[in-house]
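Nothing in this text is a laboratory measurement; each read-out follows from the coordinates by a stated rule. What you are looking at is a predicted structure, and each value in this text was computed from that prediction instead of being measured. Glycine also receives a Cβ, built like all others from the backbone with ideal geometry; neighbour counts cover every protein chain displayed.
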Amino acid sequence: MLFGIVLLLCIAIYAFFSKEKNNSYEDYKEDVIFNIKWRWGYSYGKISNLVAYCPKCDYQLHYVDISNYGLIPKICFVCENCNQFTSQEFNKEVYEVEDTIKRKIALNIRNMATKQK
Ligand SMILES: [Zn+2]
């Protein structure tokens, strides 16, 4: 009987803490956006160290300027490890793409918070 109560208590405590952990947006540090795998961290509550990875082999991507010296910026992300991944073209500078990604992450965090209520 006592063992049963202790066991139930342990399960309740475990469930409580694992739920607590799931509630933290800071566990959300990876997602696929625009078919690119992004990873990031948090610094003082803000998204930091946003890095793009290949969705096929997980190698860190680098961006290539394909604007051909045109007036409108145009970049894409490529994988030089597997050579099997080229992202869509973005008519933006790389910092603008990263800014868009950060805003999408922020939206996802807000949606997570709304779902948990
Ligand atoms: Zn790759």
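The protection proxy used here, the mean number of other Cβ atoms lying within 10 Å of each residue, ranks peptides 73-82, 42-51 as follows, highest first: 73-82, 42-51.
Going by a ≥ b ≥ c, the root eigenvalues of the Cα gyration tensor, does region 25-116 fall in the rounded group (a/c under 1.5), the prolate group (a/b larger than b/c) or the oblate group?
prolate
Taking each of LYS46/LYS92; LYS37/LYS74; LYS74/LYS102; LYS74/LYS104; LYS74/LYS115 in turn, the alpha-carbon distance tops 25 angstrom for LYS74/LYS115.
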